[in-house]
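A quick write-up on the structure given underneath.
The values are calculated or read from the model by the stated rules, or taken from the named source; none is laboratory data. Keep in mind that this is a model prediction, so the values were computed, not measured. Counting neighbours? That spans all protein chains shown, and the Cβs are built from the backbone with ideal geometry, glycine included.
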Amino acid sequence: MGQADIIHARTSFADTRASAPAGTGIERTGTPGAPVRLSVDTDLAAVEQDWRAFEQTADCTAFQTFDWLETWQRCVGTLTGTTPAIVIARNGEHILFILPLAVEPRGFVRRLTFLGHDLCDYNAPLLAPKFSAVVGSGGFGTIWREIRALLQATPALGHDVIVIEKMPERVGAQANPLMSLGVRLNPSGAYQTALSGDWEEFYTAKRSSATRRRDRTKLKRLGEMGAVKFVRPEGASDVTSSLDVLITQKSKAFARMGIANMFARPGYTAFYHALASQPRLRSLIHLSRLDVGETWAALNLGLTFRDCYYHILASYDDGEVSRFGPGAAHLRELLRYAIEQGLKRFDFTIGDESYKRDWCETEQRLHDYSAAVTLRGWPSVALSAGWRRLKRAIKQTAPLWNAAQRVRSMVAGTRQKQAPAAKEPSE
């Protein structure tokens, strides 16, 4: 089936149920025998069975799994007024792709974006292995126009702007079709390393003898403070307590750096607790600690999906143990764990921290796309596009980024010093 067949079918689509109520499937079907059919659903339960079956073979990341996004919508999306817009394209009876979009209110505008975009390090479609062969080079542009028309024709999904961010250039083995939309580079990159051999072989290849010697010295000093153990929490109480400590440690780190605390946002803490507490997600969610005696010195929540470990949330205790690098020691244990589990990739995900470059040989470029759909949306798109360009310029220029981080930390330190004084009662 060639590209011409797809394009001809797309341009002949007619909206058959544009006025259907929210929560039902809306379809654009073509002329008899058309090779592709589009539908959109606002009810995740309606697409759960097809989604779960499709993700078993589709090219995607852990952030496009049904469990991740359904949990986000239940814990966060319902609080923020987000409406899912799950677009499914079928080639005959077979799913060609699933595009997990959503419409969310932002001030005076409604924004089309990826579902769960704020807590997804990679936003992308789920693609059938045959997707590229069916659509062909450049064929997605016509499909995207049909998707936009379908969404705008659905009452619950009308929007003023399109803002889709953090898109990888490739999804599994295939090129990401959304790269054809006129994208711009995201301010941040993402980093990944290939895992091979055993731990000692990998470690020796990645770190110099001097670095390994320093690592051993620090680990020895940690051992003098108590037995050092790599622990995976077991039982509901241990999991809950561990995640609470991780969130507390991470929140303190945000405060020190002058970064807004993500866990203060509606539903974020509940989201991670919901993921970690579900026994059926144990194969996806990997929660671990590095204990030094009775101190939970470092914690991490990661994802294991197919052949990859995704490094998502990491924290460390800021007390005495912090002098000897418990976070770095924990990261080495996570790399060892991933290798021993037979995983082939360790994905540090989005963020340009220097320690990621120390371990990784591969940088993934991420991309953003924005467009105004209505006159109301033009000012919002112009402002956000300008801010993203400025942010990338700062982050990709080392002196500017280092200065910005210093200023941010100084402001945060000043606020922390002033906070206790502000709470003291007047005499």
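Regarding Lys229, is this residue in a strand (DSSP E or B), in contact (Cβ under 8 Å) with a residue 40 or more places away in the chain and over 27 Å from Tyr122 (Cβ atoms)? Spell out how you get there, then give the answer.
Working: in a strand (DSSP E or B): yes; in contact (Cβ under 8 Å) with a residue 40 or more places away in the chain: yes; over 27 Å from Tyr122 (Cβ atoms): yes.
So Lys229 fits the description; yes.
Residues in the stretch 326-371 that are of a type in the set (Phe, Trp, Tyr) and under 28 Å from Asn186 (Cα atoms): Phe346, Phe348, Tyr355, Trp359, Tyr369.
On the basis of being of a type in the set (Val, Ile, Thr), modelled with pLDDT of 95 or more and closer than 15 Å to Asp43 by Cα, does Thr78 make the cut? Break it down stepwise before answering.
Details: of a type in the set (Val, Ile, Thr): yes; modelled with pLDDT of 95 or more: yes; closer than 15 Å to Asp43 by Cα: yes.
Taking the combined requirement at face value, the residue satisfies it.
Within the option set Ala149, Ala175, Ala190, being in contact (Cβ under 8 Å) with a residue 40 or more places away in the chain and more than 23 Å from the chain's Cα centre (by Cα) holds for one residue only, Ala149. Is there a residue being surrounded by 13 or more Cβ atoms within 10 Å (Cβ to Cβ), at positive phi and not assigned by TED's automatic domain parsing to the domain that holds Lys130 anywhere in the stretch 218-227? Yes, the conditions are met somewhere in the stretch 218-227.
Among the residues of the stretch 48-105, how many are among the polar types (S, T, N, Q), farther than 23 Å from Arg148 by Cβ and surrounded by fewer than 19 Cβ atoms within 10 Å (Cβ to Cβ)?
Residues of the stretch 48-105 that are among the polar types (S, T, N, Q), as a first pass: 49, 56-57, 61, 64-65, 71, 73, 78, 80, 82-83, 91.
Filter once more, so that each one left must be farther than 23 Å from Arg148 by Cβ: 49, 56-57, 61, 65, 71, 78.
With the extra rule that they be surrounded by fewer than 19 Cβ atoms within 10 Å (Cβ to Cβ), the set shrinks to 49, 56-57, 78.
Number satisfying all stated conditions: 4.
Is it the case that some residue within the stretch 249-269 is of a type outside the set (Asp, Glu), buried (at least 17 other Cβ atoms within 10 Å of the Cβ) and under 30 Å from Arg212 (Cβ atoms)? Yes, the stretch 249-269 contains at least one residue that is of a type outside the set (Asp, Glu), buried (at least 17 other Cβ atoms within 10 Å of the Cβ) and under 30 Å from Arg212 (Cβ atoms). Ala85 meets the stated requirement of being in contact with a helix residue (DSSP H, G or I) (Cβ under 6 Å, 6 or more places away or on another chain) and in contact (Cβ under 8 Å) with a residue 60 or more places away in the chain. Among the residues of the stretch 131-175, those identified as part of a loop (DSSP other than H, G, I, E, B) and more than 20 Å from Glu55 (Cα to Cα) are Gly136, Ser137, Gly138, Gly139, Ala153, Thr154, Gly158, His159, Asp160. Just one of the numbered conditions (1) out of contact with any helix residue (DSSP H, G or I) (no Cβ under 6 Å at 6 or more places or on another chain); (2) surrounded by 16 or more Cβ atoms within 10 Å (Cβ to Cβ); (3) farther than 30 Å from Gly116 by Cβ is not true of Trp199: (1). Taken residue by residue, the stretch 99-109 has no member that is charged (D, E, K, R) and part of a helix (DSSP H, G or I).
As a summary of the residue check, Ala205 satisfies the conditions (1) under 26 Å from Thr362 (Cβ atoms); (2) out of contact with any helix residue (DSSP H, G or I) (no Cβ under 7 Å at 6 or more places or on another chain); (3) surrounded by 16 or more Cβ atoms within 10 Å (Cβ to Cβ) except for the one numbered (3).
Counting only residues that are acidic (Asp, Glu) and farther than 22 Å from Tyr337 by Cα, how many does the stretch 201-250 have? Walk me through it before giving the result.
If we filter the stretch 201-250 for residues that are acidic (Asp, Glu), which is where we start, we get 201, 215, 224, 234, 238, 244.
Filter again for farther than 22 Å from Tyr337 by Cα, leaving 224, 244.
Number satisfying all stated conditions: 2.
Within the set Arg357, Arg336, the sole residue that is in the same structural domain as Val292 (by TED's automatic domain parsing), charged (D, E, K, R), surrounded by fewer than 19 Cβ atoms within 10 Å (Cβ to Cβ) and touching a residue at least 60 places away in the same chain (Cβ under 8 Å) turns out to be Arg336. Name the residue, out of Ala85, Ala20, that is at pLDDT below 50, within 30 Å of Val109 (Cβ to Cβ) and not in a helix (DSSP H, G or I). Exactly one of Ala85, Ala20 is at pLDDT below 50, within 30 Å of Val109 (Cβ to Cβ) and not in a helix (DSSP H, G or I), namely Ala20.
Output the strands (runs of 3 or more DSSP E) that fall wholly within the stretch 285-352 and possess 1 or more residues being in contact with a Phe, Trp or Tyr (Cβ under 6 Å, 6 or more places away or on another chain) and among the basic types (Lys, Arg), or say none.
Working: elements: 285-292, 295-305, 308-316, 345-350.
Per the criteria, 285-292.
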